[in-house]
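A short worksheet on the structure shown next.
The values are calculated or read from the model by the stated rules, or taken from the named source; none is laboratory data. Fair warning: this is a prediction, and the values are worked out from it, not measured in the lab. Every residue, glycine among them, receives a Cβ derived from its backbone with ideal geometry; neighbour counts consider all protein chains shown. Accessible surface is based on the protein model in full, side chains and every heavy atom, while ligands, DNA and RNA are left aside. Shrake-Rupley method; radii C 1.70, N 1.55, O 1.52, S 1.80 Å.
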Amino acid sequence: MPFSAIGPIEIYLPEKIEDNDFLAAEYPRWDMPLIYQKTGIRARHIAAPDQTAADMGVLAAQRLFARYAIDPKSVDFLLFCTQSPDYLLPTTACLMQDRLGLSKSAGALDFNLGCSGFVYGLSLADGLIQSGAAKRVLLVTAETYSKYIDPTDRSLRTIFGDGAAATIIDASEERSIRSFVFGTDGSGADTLMLTEGLSRKSDLLQPRKRKRWPSLLYMDGPELVKFTLDVVPPMIDKILADTRWQRNQVDYYLVHQATSFMLEHLRNKLSLERDLVPEALEEYGNTVSSTLPILIYELRNRQQLKPGKQTLMIGFGVGLSWAGCAWTETWTAQGVAAGDESLRDTQAA
């Protein structure tokens with residue numbers, strides 16, 4: 001039976017950047033030094049008014065194909081994770097199949113998950129490969145939360161950034177991804193939500209606390225911190241028990257990049273040194289389902305994540321939903337010079 005392995009990753013970030021100096025000039029009463037201290041975020045990329053998550057995902061995938069000489073026809077299945085699709089129907093992944101020139105025999109589907117979405121996508125890709133239904137899966141994560149945020153919303157505008165990542169998952173003889181753990185608690189759905197519904201009217205699901213800002217997107221930060229500290233430690237224990245790894249055998253805990261505040265609370269709760277829970281959000285913000293592939297992309301570029309490194313990958317957030325797995329890095333860049341600064345070119349192609 002074939003296993004699955006994470007191959008190359010490419011990212012796309014919109015050209016427009018809103019850094020903290022920009023926001024301070026626009027809103028002088030916002031204490032941006034204090035906000036930076038809590039979030040760890042200095043800048044966020046913002047999608048253009050006519051730019052969608054699919055547009056960004058296509059650009060990330062095209063960059064991936066070009067940089068690593070990947071034939072689009074070699075992709076057997078496209079998975080697209082987003083909460084901001086182009087249309088309710090047709091499926092956005094179907095439109096992306098055509099735009100990317102994938103084979104008409106390739107499968108394509110959207111799945112609506114947020115911060116746990118990358119790990120869920122890995123599990124779907126792993127299942128397709130282990131079942132023999134696919135040998136190569138393209139997992140694209142992309143989000144444009146900025147379109148849901150009112151410009152005056154200090155709580156959200158300073159955190160969320162737009163972006164996309166494209167990841168190849170290939171069949172492999174070596175088992176590198178395993179021990180998936182999932183969790184769901186729909187009773188917490190009102191802690192992070194769009195307050196205007198579609199088929200179901202919003203008056204049937206309201207934020208549990210007073211809505212302070214006029215954004216369509218609502219987030220109860222303190223409740224999400226509490227939820228995270230409740231579910232992540234036992235999830236990690238379950239993964240470690242399944243892998244039979246000891247804590248000192250884990251090189252990195254790759255955790256959803258919510259904010260530095262959240263990551264520091266997790267480090268303290270888990271009694272982990274700072275370098276074991278790396279960060280890559282200062283220049284990106286919270287990009288929802290793309291934070292983990294962006295983190296992997298950054299660690300590879302820094303030459304910190306090399307073959308043989310053992311990691312736990314953890315996602316959590318909107319839903320409420322959480323997911324984790326164990327992953328051993330196996331990919332070695334081919335045709336790309338170590339430390340190649342062009343890998344950090346994240347502007348529009």
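Brief remarks on what is shown
- Accessible surface of the range 203-332 [probe 1.4 Å, protein heavy atoms]: carbon and sulfur percent: 49 percent
- Multiplying the residue separation of Asp230 and Ile17 by 0.36 nm and subtracting their alpha-carbon distance yields 73.3 nm.
- Estimated D of the range 112-154 in µm² per second, where Rh is the Kirkwood radius over Cα pairs and Stokes-Einstein applies at 25 °C, 0.890 mPa s: 196 µm²/s
- Taking the C-alpha atoms of the chain, convex hull volume expressed per residue in Å³: 135 Å³
- Proximal charge balance of Met32 [Cβ under 15 Å; K/R count +1, D/E count -1]: -1
- Rg/Rh for the range 28-181 (Cα atoms only, Rh after Kirkwood) is 1.03.
- Alpha-carbon centroid distance for the pair the range 141-155 / the range 215-240, whole angstrom: 20 Å
- Proximal charge balance of Leu266 [Cβ under 13 Å; K/R count +1, D/E count -1]: 0
- Entry note, the range 11-91: relative contact order of 34 percent, from Cα contacts under 8 Å with a spacing of 6+ residues.
- Under the criterion of Cα pairs below 8 Å and six or more residues apart, the relative contact order for the chain equals 26 percent.
- Between Lys38 and Tyr68, the modelled labels are 3.8 nm apart [label points 7 Å from Cα along Cα→Cβ].
- Residues of the range 147-171 falling in the label zone of Ala48, defined by backbone nitrogen less than 18 Å from a point 7 Å along Cα to beta-carbon, are 147, 162-164.
- CD proxy at 222 nm, helix term only [per DSSP H run n ≥ 4: -39500 (n - 2.57); per residue of the chain; nearest 500]: -9000 deg cm²/dmol
- Here the relative contact order of the range 106-163, from alpha carbon pairs under 8 Å that lie six or more residues apart, stands at 25 percent.
- Taking the protein heavy atoms of the range 51-165 in the context of the full set of protein chains, the accessible area attributed to carbon and sulfur is 55 percent at 1.4 Å.
- Fluctuation leader among Asp55, Asp71, Asp126 - the chain, Gaussian network, Cα springs under 10 angstrom: Asp71
- In a reduced charge model with +1 at each Lys and Arg Cβ and -1 at each Asp and Glu Cβ, the chain shows a dipole moment near 600 debye about its Cα centre.
- Of all segments of the chain bounded by GluC sites (Glu not before Pro) found in a DSSP loop with no more than 13 other C-beta atoms within 10 Å, the longest spans 16-172.
- Residue among Thr39, Ile9, Gly107 farthest towards the positive dipole end of the range 1-130, charges placed on Cβ: Ile9
- Residues in the chain average 44 Å² of solvent-accessible surface per residue, probe 1.4 Å, ligands and nucleic acids excluded.
- Taking Arg178, Arg212, Arg300 as the candidate residues, the one with maximal mean-square fluctuation in a Gaussian network model of the chain, Cα springs under 10 Å, is Arg212.
- Among Gly315, Gly132, Gly40, the largest mean-square fluctuation in a Gaussian network model of the chain (Cα springs under 10 Å) belongs to Gly132.
- When Rg and the Kirkwood radius Rh are both evaluated on Cα atoms of the range 215-268, their ratio Rg/Rh stands at 1.06.
- If R0 equals 41 Å, the separation of the Cβ atoms of Ala25 and Arg274 corresponds to a calculated FRET efficiency of about 0.80.
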